[in-house]
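S.K.: Below you will find the structure I want to go over with you.
The values are calculated or read from the model by the stated rules, or taken from the named source; none is laboratory data. For clarity, every value in this text was computed on a predicted model and none was experimentally measured. Every residue, glycine as well, gets a Cβ built from its backbone with ideal geometry; the counts of neighbours run over all protein chains shown. For accessibility, only protein heavy atoms count, side chains too; no ligands or nucleic acids. Shrake-Rupley method; radii C 1.70, N 1.55, O 1.52, S 1.80 Å.
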Amino acid sequence: MTPETKYALIGDDRIAYQILGEGPLDVLISHGTFSSIDAIWAMAETSAPYLRLASVCRLILYDRLGTGWSDAVPLGALPPFESRWGEIRAVLDAVDSRRAVIIGVQDGGPPAMFGAATSPELVAGLVLFHSPARFRQSEDYPIGFDEATVQQWRTMMSSWDIDSMIQMSFPSRTPNDEFLQWGRKHMRSLATPGAMLAYVEEMLNTDVTDLLPAISVPTLVLHRRDYRWSPAELDRYVAEQIPGARYVEVPGGDAGLYFEHSAPMIEAITGFLGEIDPRTRDRRATERMMATILFTDIVASTEQAQQSGDNEWVHQLDLHDSVSRQLIARHGGRVVKTTGDGVLAMFDGPGRGLRAAEDLSASLARLGLTVRAGLHTGEVELRGDDVAGMGVHIASRVMSEAGPSEIMVSRTVKDLVVGSDLKFEARGSHHLKGVEGDWDLYSLAAG
């Protein structure tokens, strides 16, 4: 029997989800683009692994926005990457889950990694299955897809070659005419061809490698030995970069949790779940986390203070602080402290930080105050109401490279908002004082 489908709200959008099982531990599966929760129940063989998981936990399934039974999204301007974690939070809120293990499958893994790094108080553990932190090759990531492979993905999606996708995804079941009929129906239930192409492009440009060292929750990384869509090296890299992560290879080459040799994989997951006590929280995980840090600074503040006089300048600073607190809170951030002629603020995602910086710059300009801003997403240490660590230091140095009215960001910030309508202009490689290596910086382009 198919579980009842309910809906969580994120703004005006509805996210389809299902619940089964009553175990002591909440487990949410983030399937990403390549699954539809209703399709799971079409065959006994596809539903069996989920029923086994539900025997040891409360299992939560959902369709990401734009797929399955969830609401559509504008394909020309996909929401920023961090909103994928926002969808997971919305579902957890809807089912009244205070803390959950998240199973990330394929491109459903990066938003789970993002959540584990930025909101460790909500994530009890991670299971990552065929879920690289980055797909495309680069100078510092030679194991990724080369451009020929990237083009193969694009060609397959743009031509909507369903049979080839099924054969690559489930080699243990093809060629088989009856299975192909199921596979074609399954693929059509995921999303429209145009949506699939847009989501795959987003997936190919996703990069959360910088977040991995900050993940402190228990993590299991799984890979089927003969999986054809991405090599084992990509999953091994994830396991190597997350402190204490466990890497397990299982036999077979199928893409999903079901079909070929599913039993040893599900046993690995249930064994891992049995080691997690949902009532305990790693104190270190709540004191160290990934966050987006925003620094702002009033340009030529000393000269303005001299021209305005002490009383008028104090009034301007009070107005600056009030507007900053209001706008930063509106975008879901928190002002950690004011810095005399600027602010230090913290956000759980870079998109919110960038929107806040845009609004703040424009609003203060109307008050006659020109500011510059810098943002970086990195690991920080919480010290009461204050925040410290290298992530804070880097954000400060990024701001120091910005010009008047400019919003400067690190490459990490740019990579984490891939797929959004935010545009950036390269500002070259910079040596940041007190920070090792050279850093690629980008300026937020005017909307």
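S.K.: Answer yes or no as to whether ALA446 is modelled with pLDDT under 90, more than 27 Å from ASP310 (Cα to Cα), open to solvent by 10 Å² or more (accessible area, probe 1.4 Å) and not hydroxyl-bearing (Ser, Thr, Tyr).
M.R.: Details: modelled with pLDDT under 90: yes; more than 27 Å from ASP310 (Cα to Cα): yes; open to solvent by 10 Å² or more (accessible area, probe 1.4 Å): yes; not hydroxyl-bearing (Ser, Thr, Tyr): yes.
Against the criterion (modelled with pLDDT under 90, more than 27 Å from ASP310 (Cα to Cα), open to solvent by 10 Å² or more (accessible area, probe 1.4 Å) and not hydroxyl-bearing (Ser, Thr, Tyr)), ALA446 qualifies.
S.K.: Can we say GLN326 is of a type in the set (S, T, N, Q), under 18 Å from PRO404 (Cβ atoms) and open to solvent by 30 Å² or more (accessible area, probe 1.4 Å)?
M.R.: No.
S.K.: Let me ask you something else. Look through GLY332, GLY374, GLY309, GLY368 and report the one residue that is more than 25 Å from ILE242 (Cα to Cα) and at pLDDT 95 or above.
M.R.: Residue meeting the stated conditions: GLY374.
S.K.: Pick out, from the stretch 150-260, the helices (runs of 4 or more DSSP H) lying fully within it that include 2 or more residues that are more than 20 Å from SER47 (Cα to Cα), within 23 Å of the chain's Cα centre (by Cα) and of a type in the set (Val, Ile, Thr).
M.R.: Those helices (runs of 4 or more DSSP H) do not exist here; none qualify.
S.K.: If you don't mind, another one. Tell me yes or no: at least one residue of the stretch 69-87 is open to solvent by 10 Å² or more (accessible area, probe 1.4 Å), in contact with an Asp or Glu (Cβ under 6 Å, 6 or more places away or on another chain) and of a type in the set (Ser, Thr, Tyr).
M.R.: yes
S.K.: Could we say that ASP207 is of a type in the set (Asp, Glu) and either touching a strand residue (DSSP E or B) at 6+ places or on another chain (Cβ under 6 Å) or buried (at least 20 other Cβ atoms within 10 Å of the Cβ) (or both) here?
M.R.: yes
S.K.: Determine if the stretch 338-357 includes at least one residue that is closer than 18 Å to SER400 by Cβ, among the small types (Gly, Ala, Ser) and in a loop (DSSP other than H, G, I, E, B).
M.R.: So far as the stretch 338-357 goes, yes, one or more of its residues are closer than 18 Å to SER400 by Cβ, among the small types (Gly, Ala, Ser) and in a loop (DSSP other than H, G, I, E, B).
S.K.: Kindly indicate the residue of the stretch 296-321 that is more than 21 Å from ILE407 (Cβ to Cβ) and among the hydroxyl-bearing types (Ser, Thr, Tyr) and also least open to solvent (accessible area, probe 1.4 Å) among those meeting that condition.
M.R.: Within the stretch 296-321, the match that is least open to solvent (accessible area, probe 1.4 Å) is SER308.
S.K.: Against the condition crowded, with 23+ Cβ neighbours inside 10 Å and under 19 Å from ARG288 (Cβ atoms), how does LEU375 come out, does it pass?
M.R.: no
S.K.: Please go through the stretch 343-372 and give me each residue that is open to solvent by 30 Å² or more (accessible area, probe 1.4 Å) and over 13 Å from SER83 (Cβ atoms), ordered by number.
M.R.: Once the filter is applied, which keeps residues that are open to solvent by 30 Å² or more (accessible area, probe 1.4 Å) and over 13 Å from SER83 (Cβ atoms), the stretch 343-372 yields GLU358, ASP359, ALA362, ALA365, ARG366, LEU367, GLY368, THR370, ARG372.
S.K.: Can you pull out every residue in the stretch 388-427 that is open to solvent by 10 Å² or more (accessible area, probe 1.4 Å), of a type outside the set (Asp, Glu) and part of a strand (DSSP E or B)?
M.R.: ALA388, ILE407, PHE424, ALA426, ARG427
S.K.: Which of the residues that make up the stretch 284-294 are open to solvent by less than 30 Å² (accessible area, probe 1.4 Å) and not in a helix (DSSP H, G or I)? Talk me through it step by step, then tell me what you get.
M.R.: So in the stretch 284-294, the residues open to solvent by less than 30 Å² (accessible area, probe 1.4 Å) come out as 285, 289-294.
Listed by number, the residues that qualify are MET289, MET290, ALA291, THR292, ILE293, LEU294.
S.K.: Looking only at the stretch 48-69, which residues are touching a residue at least 60 places away in the same chain (Cβ under 8 Å) and among the hydroxyl-bearing types (Ser, Thr, Tyr)?
M.R.: Those that are touching a residue at least 60 places away in the same chain (Cβ under 8 Å) and among the hydroxyl-bearing types (Ser, Thr, Tyr): TYR50, THR67.
S.K.: Inspect the stretch 99-107 for any residue being modelled with pLDDT under 95, part of a helix (DSSP H, G or I) and surrounded by 24 or more Cβ atoms within 10 Å (Cβ to Cβ) and give the result as yes or no.
M.R.: Checked the stretch 99-107: at least one residue is modelled with pLDDT under 95, part of a helix (DSSP H, G or I) and surrounded by 24 or more Cβ atoms within 10 Å (Cβ to Cβ).
S.K.: For the stretch 23-37, check the following and say yes or no: at least one residue is among the β-branched types (Val, Ile, Thr), within 30 Å of ALA232 (Cβ to Cβ), open to solvent by less than 30 Å² (accessible area, probe 1.4 Å) and touching a Cys at 6+ places or on another chain (Cβ under 8 Å).
M.R.: Residues of the stretch 23-37 that are among the β-branched types (Val, Ile, Thr), as a first pass: 27, 29, 33, 37.
Now restrict to residues that are within 30 Å of ALA232 (Cβ to Cβ): 27, 29, 33, 37.
Of the ones still in play, those that are also open to solvent by less than 30 Å² (accessible area, probe 1.4 Å) are 27, 29, 33, 37.
Applying the additional criterion that residues be touching a Cys at 6+ places or on another chain (Cβ under 8 Å) yields 27.
Looking for residues that are among the β-branched types (Val, Ile, Thr), within 30 Å of ALA232 (Cβ to Cβ), open to solvent by less than 30 Å² (accessible area, probe 1.4 Å) and touching a Cys at 6+ places or on another chain (Cβ under 8 Å), one finds at least one in the stretch 23-37, hence yes.
S.K.: Same structure, new question: Looking at the stretch 148-172, I want the residues that are farther than 10 Å from ALA255 by Cβ and of a type in the set (Val, Ile, Thr) and have a partner that is assigned to a helix (DSSP H, G or I) and open to solvent by 60 Å² or more (accessible area, probe 1.4 Å) with Cβ atoms under 7 Å, at least 6 apart or on another chain. Which pairs are those?
M.R.: Partner pairs satisfying both residue conditions: ILE162/ARG184.
S.K.: Has the stretch 1-19 got any residue that is open to solvent by less than 20 Å² (accessible area, probe 1.4 Å), in contact with a helix residue (DSSP H, G or I) (Cβ under 6 Å, 6 or more places away or on another chain) and of a type in the set (Gly, Ala, Ser)?
M.R.: Yes, that holds for at least one residue.
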